[in-house]
Amino acid sequence: MRNVFTWLLVIALAPAALAQKITLSGKVIDKETKEPLPFATLGIKDKSIGTITNLQGEFDFHIPADLRNDLFMLSMLGYKPFSAPVWTLMDTKPLVIEVEKSTLMLNEVTVADSLRGGEILMIALSRIEQNYPMQPYLMDGFYRDLKKVGGTYISLLEAAVKIYDEDYSEPRNKYKLRERVALQEVRRSIGYASRFTSYFDQDNLLEDLLLHNSVRYRHFPLEELFYESLTREKDTEYNNQQVFVISYSRDYRLRVYVEKSNYAIIHVEFESTLEEPLTKKRGMESRFVRLKRVIDFKPFLGKYYLNYLTVDSNVNWYDIRTKELKFETELNQSLLINEVVPNTIRRVPATEKMRNYGLQYQDQPYNKAFWDNYNVIKESPLDRKILQDLERHGPLEKQFKNQEF
């Protein structure tokens, strides 16, 4: 299966309608430099379905045929938006979309625009309940995690999920999951039976990933010194809207993008490389060495919803006695939201709620027909490297069929 481990997005269509789709395949590049643009957001105007480009700016976007006359939309931070009727792009082969960098320059400092970085972020945090959903909503999403040991990928797990949440009100406990998640389908490689997987967290990694949404869970520091240390960088643009850019670079790196018109936080990048001791196991001790997090939001019907969330974490294992490095581990996690149902009366019943232990232990048979009908993010060279590593134990399709323990 050529794109079996590529990031996938759920399209909520009945099986009988799956054949009635339009597929736009193409590439998004910078108009001036011709460089590919990864993580550009693609969608249909006034609809909540969408996908994103891969690391090479490539995409396959499967669209219901009844939307052929609707407007295809492309947006990316720092670039002018692109739009065109779907039907006008259908016969363009190869389809290469060139987008222009925003020419927006930092406004001259005036009384009306003299806010400092810390002041901008404080206003943005105070307006979360204005800018994010305060009525129940449901999201269809795709979860993926990849585990790597010593530079080699050893296991892959993918899951289709439905995520229900009441609203974006501030939780009493910022480290307890508020969303309710229903597991639709799971598939995993044989590497999940590897002895090395025990050196990774055995909890429900999807639940852990959702807790990384720093806007939803208000994980920004409260100390005044933090806000005084924030720097306001040159403004940028997103969907023809001016955007503040705020950064912090002391003991970790943080960059926050805030729309000027409403102070909505639309994108967050965080990276920490501080070494911290973690656990001990089998004569070894582990140390956390790196965490990188990206949170992206997209507007729909006047509110901002999660678009994608990625977290990469690195942990090294050392001999307790000699302190010698024995091996390095890396966990790559992604959650991609493909469709949003706002103001929903549809909930995730308690009987369907995902169990709170590791996804790899939540036994479900491999449903090939279901996965064959998923919208995929186009394969990239990185994915081919992952495939090569994972298929040391045989074709992934065969591993998925034999995934029961």
### Message
Can you list residue pairs whose Cβ atoms sit under 8 Å apart, with the first residue in the range 248-271 being at positive phi and the second being crowded, with 16+ Cβ neighbours inside 10 Å? Count only pairs 6 or more apart in sequence or on different chains.
### Response
Y263/I120; Y263/A124; Y263/N131
### Task
Pick out, from the range 324-405, the helices (runs of 4 or more DSSP H) lying fully within it that include 2 or more residues that are within 29 Å of G151 (Cβ to Cβ) and modelled with pLDDT under 75.
381-390, 396-401
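Looking at the range 190-197, is at least one residue assigned to a loop (DSSP other than H, G, I, E, B) and of a type in the set (A, V, I, L, M)? Break it down stepwise before answering.
As a first pass, look at the range 190-197 and keep what is assigned to a loop (DSSP other than H, G, I, E, B): 194.
With the extra rule that they be of a type in the set (A, V, I, L, M), the set shrinks to none.
So far as the range 190-197 goes, no, none of its residues is assigned to a loop (DSSP other than H, G, I, E, B) and of a type in the set (A, V, I, L, M).
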### Summary
Exception for H219 within (1) modelled with pLDDT of 95 or more; (2) in a loop (DSSP other than H, G, I, E, B); (3) not small (G, A, S) falls at (1)
### Message
Here's a check for you: in the range 217-267, which residue that is among the aromatic types (F, W, Y), in contact with a helix residue (DSSP H, G or I) (Cβ under 7 Å, 6 or more places away or on another chain) and closer than 28 Å to E179 by Cα is surrounded by the fewest Cβ atoms within 10 Å (Cβ to Cβ)?
### Response
F220
### Message
Scan the range 113-123 and tell me whether some residue there is modelled with pLDDT of 95 or more and among the β-branched types (V, I, T).
### Response
yes
### Message
I'd like the full set of residues that are assigned to a loop (DSSP other than H, G, I, E, B) and over 19 Å from Y257 (Cβ atoms), limited to the range 118-145.
### Response
P133, M134, Q135, P136
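Just for the range 96-112: of the residues that are surrounded by 15 or more Cβ atoms within 10 Å (Cβ to Cβ) and modelled with pLDDT of 90 or more, which one is farthest from Y227 (Cα to Cα)?
I97
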### Summary
Taking the range 135-178 and keeping residues charged (D, E, K, R) and surrounded by 16 or more Cβ atoms within 10 Å (Cβ to Cβ) leaves D140, R144, D145, K147, K148, E158, K162, D165, R178
### Task
Search the range 67-86 for residues that are in the same structural domain as I49 (by TED's automatic domain parsing) and within 19 Å of N54 (Cβ to Cβ) and pair each with any residue that is of a type in the set (V, I, T) and not in a strand (DSSP E or B) when their beta-carbon atoms are under 8 Å apart and the residues are at least 6 apart or on different chains.
F72/V86
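The values are calculated or read from the model by the stated rules, or taken from the named source; none is laboratory data. Just so we're clear, the structure is a prediction, and the values are computed from it rather than from any experiment. Methodologically, a virtual Cβ is constructed for each residue, glycine included, from the backbone with ideal geometry; neighbour enumeration extends over all protein chains shown.
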